[in-house]
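To start, the structure itself, in structure tokens.
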Amino acid sequence: MSGEKFTKDHEWVRTDGDVVVVGITEYAQEQLGDVVFVDLPDAGKAVKTGGEAAVVESVKAASEIYAPIDGEVTETNPLLADDPAKINADALGEGWLFKMKVADPSQLDSLMDAAAYKDYVSSLD
Amino acid sequence: MMAEKMRSGPAAGGAVTGGTITGHRGLQLEEPLIFEQDSPGATGVDLPQPAAVAERLGELKRQGPIGLPGLSEPQVVRHYTRISQKNYGIDSGFYPLGSCTMKHNPRINEKLARLPGLGDLHPLQPQSTTQGMFELMDTLVHWLKTITGMPAVAMSPAAGAHGELCGMMCIRAAHEATGDPRKKVLVPESAHGTNPATAAACGYAVESIPANDRGRVDLSAFKEKLADDVAGIMLTNPNTCGLFENDIIDIADAIHGIGGFFYCDGANLNAIMGKARPGDLGVDCMHINLHKTFSTPHGGGGPGAGPVVLSEALAPFAPLPYVIHGDAGFRLVEHEGQSGGQPFGRLKGFHGQVGMFIRALAYMMSHGADGLRQVSEDAVLNANYLLAQLKDTLSASFDGPCMHEALFDDHFLKDTGVTTLDFAKAMIDEGFHPMTMYFPLVVHGAMLMEPTETESKASLDEYINAVKGLAAQARSGAVDAFHAAPRFTPRRRLDETSAARHPVLRWRPPQEEVAAE
């Protein structure tokens, strides 16, 4: 699979070998403003679709980040502890949050592709 | 490097427009930190050298200087006077900070709290010598029970969130007494932010209930979450959108139907005093912020006080100590064995914020029942005046009327390049404490304004005029001016992001700071 999939809660998911990488979208980081702290899950944590997986705190608010699909967290982004601003600078790249092992890959099909997400975001304003 | 940027001095936080030689602006004086004014050896008082004594401290003897700056008495007096003059409080001007009820603190409260017979009491005095204070507390309890229509009050919580903790600990104790502690607490999005935090601190899983398009609890979403592992609901009424939760009776009945309890956050009691009694609405416990509704100082001006009213079902679990009528006057119940109930423990060493009890009772008795009712009427009238005057200029989030506070969002700023934050900073230049911004989260770019009954029509009109003027400036493309605000403050726009990412929590002497970097 190439390209990211998106959730209505503004997370993105990208397949990377046998895991998926999860982050927040450009739209989400813009809405949050400058990120000052990120609370990431422990590796090994089992998460369910829509369940709280992480918390991103900005100068405006603390926002829960939900697991986009069922699975188990395998790794978190080590760069964010010292430099949470990476989320603002490169939300879809170096600002990734965590990687997870997917319980049921078919769940990915229910997420939006880039075009559908773009339409979704423009419907919000 | 951050410490360097944040250190005081006229250049910090942006250059002063039309700077002066000294950095002072008129009689508004720049003021360095007291540690930066250290003149070693300077003191306020000259003491004679002590007589030689035998050294007996051994290893406990101080090894180096303790790091206090040396200053003369006039330097110290000027320092703290200058700092106090930079403060802005309810005594300075309009303070429309939504959800905070920043009302005037009547001076009669202060006068009474300083009466020697009250102010000089010690909590460990024999009870026979503190009967007057017990009677005062008992009278305050009576007023709180009468205003809320509830049968019992726990007086000791020291602030609003402490009161929430007290209420939720009562709920937990009541469930545990039946052998079923339960797991979840439901919290609507329109509740105060401290509510979910309190539930989590009490060991409950928090389930959020969405708001409906009228800014109130989505009743069907709430009912879907009801289950026999739900311990209760924490609801703020009026809620943080400044709206009365008009399904509150249905909500109370439904939570009681599954054996749960109804915690109501009473921070917004200023809107309904003398109009609606929480006891009639099915509430099981509610904290009352004496420092909001009953005019005791807060926001840096004094300790809070958050008594919690309790229903019959929760009263047996109220914390110790409390005052009761005994055979010979009042006495304190301090031990579980004396209580006849199952108190969950203590929240404070003594009886709560007694100084605030005096002030709150002074406020109640000086207003009387009719006066307190008028307080709520005037507070709600003032908020609706703001809403009515500003709804065509700003974007009102929900249809009015509102209760004690008016909520707007940032739709009126769309495509102007000006944000809620910029707007709030520009309000400072116009001489107002900004409204609450970006809260509640249920609307985008929130601006929440609570005028309280304190403000006159003239004061509100001045504010409305300023808000309308700024909105017109924003629409006319003055985006750079907004980004530059505030312009007339001792410091310009502070770098909140760096302050949050790299907080400098303690001043250190320059050489130490260099070493640390």
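The values are calculated or read from the model by the stated rules, or taken from the named source; none is laboratory data. Predicted model only: the values in this text are computed from it and were never measured. Note that we place each Cβ from the backbone using ideal geometry, even for glycine, and neighbour counts take in every protein chain shown. Side chains are part of the model used for accessible areas, which takes the heavy atoms of the whole protein and leaves out ligands, DNA and RNA. Shrake-Rupley method; radii C 1.70, N 1.55, O 1.52, S 1.80 Å.
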Requested in this report: Among B:Ala158, B:Gly179, B:Ala254, flag the residue with its Cα farthest along the positive direction of the charge dipole of segment B:133-254, charges on Cβ as +1 for Lys/Arg and -1 for Asp/Glu.
Outcome: B:Ala158
Query raised in the report: What ranking of B:Cys100, B:Cys264 comes out by heavy-atom accessible area, probe 1.4 Å, highest first?
Result: B:Cys100, B:Cys264
Query raised in the report: Counting each DSSP H run of 4 or more residues in the protein assembly as shown as -39500 (n - 2.57), what helix-only mean residue ellipticity at 222 nm follows after dividing by all residues, to the nearest 500 deg cm²/dmol?
Result: -9000 deg cm²/dmol
Report summary line: Computed about the Cα centre, the charge dipole of chain B from +1 Lys/Arg and -1 Asp/Glu charges at the Cβ has a magnitude in debye, to the nearest 20, of 1000 debye
Query raised in the report: How large, in percent, is the carbon and sulfur part of the accessible surface of chain B at a probe radius of 1.4 Å?
Result: 55 percent
Query raised in the report: If you take the charge dipole of chain B about its Cα centre, with +1 on Lys and Arg Cβ and -1 on Asp and Glu Cβ, which of B:Pro503, B:Phe482, B:Pro32 is farthest toward its positive end?
Result: B:Pro32
Report task. For segment B:333-349, just list the computed ³J(HN,Hα) in residue order, Karplus coefficients 6.51, -1.76 and 1.60, θ = phi - 60°, integers in Hz, with x standing in for Gly and Pro. Result -> 9, 10, 10, 4, x, 7, 8, x, x, 10, x, 7, x, 10, 9, 9, x
Requested in this report: Using Cα centres only, tell me the gap between segment B:363-413 and segment B:120-148 in whole Å.
Outcome: 34 Å
Report summary line: For B:Met150, the residues 5 or more places away or on another chain with a placed amide H closer than 5 Å to its own amide H are B:Gly279
Report task. Mind putting a number on the dipole of the protein assembly as shown about its Cα centre? Charges go on the C-beta only, +1 for Lys and Arg and -1 for Asp and Glu, and I need it in Debye to the nearest 20. Result -> 1980 debye
Query - Value of relative contact order over segment A:4-101, rounded to a whole percent, pairs C-alpha under 8 Å and six or more apart - result: 32 percent
Report task. Take every DSSP beta bridge with both residues inside chain B and express the antiparallel ones as a percent of the total, to the nearest 5. Result -> 55 percent
**Report entry** Nearby lysines by direct alpha-carbon distance to A:Lys86 (threshold 18 angstrom, same-chain neighbours under 8 apart not counted)
**Finding:** A:Lys60, A:Lys99
Query raised in the report: When the Karplus curve 6.51 cos²θ - 1.76 cosθ + 1.60 is applied with θ = phi - 60°, which whole-Hz ³J(HN,Hα) does each residue of segment B:385-390 get, with x for Gly and Pro?
Result: 5, 4, 4, 5, 6, 10
Query - Approximate spin-label separation B:Ser220-B:Ala388, in nm, with each point projected 7 Å along Cα-to-Cβ - result: 3.5 nm
Query raised in the report: Taking the Cα-to-Cβ direction at A:Tyr120 and at B:Gln125 and moving 7 Å from each Cα, how far apart do the two end points lie in nm?
Result: 6.6 nm
Query raised in the report: What is the local net charge at B:Phe294, summed over the other residues whose Cβ is closer than 13 Å to its Cβ (Lys, Arg +1; Asp, Glu -1)?
Result: +2
Report task. Report relative contact order for chain B in percent, whole number only (criteria: Cα-Cα under 8 Å, sequence separation at least 6). Result -> 18 percent
Query raised in the report: Counting Lys and Arg as +1 and Asp and Glu as -1, each charge on the Cβ, what is the dipole of segment B:108-363 about the Cα centre in debye, to the nearest 20?
Result: 660 debye
**Report entry** Top positive-direction residue, dipole computed over chain B with Cβ charges, set B:Met364, B:Ala426, B:Ser190
**Finding:** B:Ala426
**Report entry** trypsin sites (Lys or Arg not before Pro) restricted to DSSP loop in segment A:1-71 with at most 15 other C-beta within 10 Å
**Finding:** A:Lys8, A:Lys48
Query - Distant alpha-carbon pairs in the protein assembly as shown (separation over 41 angstrom), percent - result: 39 percent
Report task. Quote the accessible area belonging to B:Phe412 in square angstrom, nearest 10, computed with a 1.4 Å probe and with ligands, DNA and RNA left uncounted. Result -> 20 Å²
Query raised in the report: Restricting the count to DSSP beta bridges whose residues both fall in the protein assembly as shown, what percent are antiparallel, rounded to a multiple of 5?
Result: 75 percent
Requested in this report: Report, as an integer, the average count of C-beta atoms from other chains found within 10 Å of each Cβ along A:57-63.
Outcome: 4
Requested in this report: Counting only C-alpha contacts under 8 Å and six or more residues apart, can you give the relative contact order of segment B:404-517 as a whole percent?
Outcome: 29 percent
Query raised in the report: In angstroms, what radius of gyration and Dmax does chain B have, counting Cα atoms only?
Result: 26.2, 81
Query raised in the report: Scattering from the C-alpha atoms of segment B:108-363 alone, worked out with Debye: what is log10 I(q)/I(0) at q = 0.12, 0.16 1/Å?
Result: -0.67, -1.15
Report summary line: Over all pairs of different Cα atoms in chain A, the reciprocal of the mean inverse distance gives a Kirkwood radius in Å of 14.3 Å
Query raised in the report: How would A:Lys101, B:Lys145 rank on accessible area, largest to smallest, probe 1.4 Å?
Result: A:Lys101, B:Lys145
Query - ³J(HN,Hα), Karplus 6.51/-1.76/1.60, whole Hz, each residue of segment B:45-60, x for Gly, Pro - result: 10, 8, 10, x, 4, x, 5, 4, 10, 5, 6, 10, 7, x, 5, 7
Query raised in the report: Under 5 Å between amide H atoms, partner at least 5 residues away or on a different chain: which partners does B:Thr436 have, H built in plane at 1.01 Å?
Result: B:Gly98, B:Leu448, B:Glu450
**Report entry** Amide H partners (placed H, <5 Å) of A:Ser58, local residues excluded
**Finding:** A:Val36, A:Ser63
Query - Interface B:A - total buried accessible surface [probe 1.4 Å, Å², rounded to 100] - result: 800 Å²
Query raised in the report: Given segment B:108-363, what percent of its DSSP beta bridges are antiparallel, to the nearest 5?
Result: 40 percent
Report summary line: Output field shielding_mean for B:495-508 (other chain Cβ, 10 Å radius) holds 3
Report summary line: With every protein chain kept in place and a 1.4 Å probe, the residues B:Glu455, B:Glu176 fall, from largest accessible area down, as B:Glu176, B:Glu455
